[in-house]
Amino acid sequence: MNRYLKAGLLVAILAPIVVLQGQACSPMQSAANSSLSSTSGSNTGVSEMPGVPLPESELKSRETMRMVHSRELLTSTMSILNQPYSYTTYTLFSQVGSNLSDDGYTDGVSAPMMNSLLSINGTACNVAIASEKALPDDQRTIFKGIAFTKAPTAQSASATTDLVRVLARRAWLRSETPTELAMIVNDAKVFDTAVVDDTTKKALFICSAMLTSLEAVAR
């Protein structure tokens, strides 16, 4: 289990560094700006002074903003994975949403925020994997070419690279670079065993890491 955790943290931390192209507005920012303009801190006339507590009304306003932006992010994630908004992901979102950004911008990234994103995206990826496992390969959207009844060492040579390419186009809205592809493929090799269950773990690892990268969040 330690090797999986170590590998997962490595990609989740390094992928944003490799692919980040600058601080950007996240996808939920533009969608929520108009409806939330009257509740944002910059529009309430409340001045943030060091050591001075914010009024209760401002705190409630920010909580509302955070939850709306977070929900937009989760909805976007489920759309990327071609999955409906599920009860499982909503439940987890409710538990960890308080650690996500107030305003939807990625320049407020913190360790708790990244952990929350990883939890949400991991659950969303699990939902997608379970859904597509039950489908014939030609009906899958994300995990096409992956034989979940076989161990990682018995998969086709292109299975991992194809998954990275699909997720890059859907989550990053672009093709992956050779550096990004090599990094993710190499780190995912920790799952290359003769154990059938490790195929699911490998797919979950790649999916979660790529969706948690800042390149995905900034879209």
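Of all residues in the stretch 81-99, those that are in contact with a Leu (Cβ under 7 Å, 6 or more places away or on another chain) and either more than 27 Å from LYS144 (Cα to Cα) or modelled with pLDDT of 80 or more (or both) total 1. When residues in the stretch 143-188 are screened for being over 15 Å from SER213 (Cβ atoms), surrounded by fewer than 13 Cβ atoms within 10 Å (Cβ to Cβ) and of a type outside the set (A, V, I, L, M), 6 of them pass.
The values are calculated or read from the model by the stated rules, or taken from the named source; none is laboratory data. What you see is a predicted model; the values in this text were computed from it and never measured. Note that each Cβ is placed from the backbone with ideal geometry, even for glycine, and that neighbours are counted across all protein chains shown.
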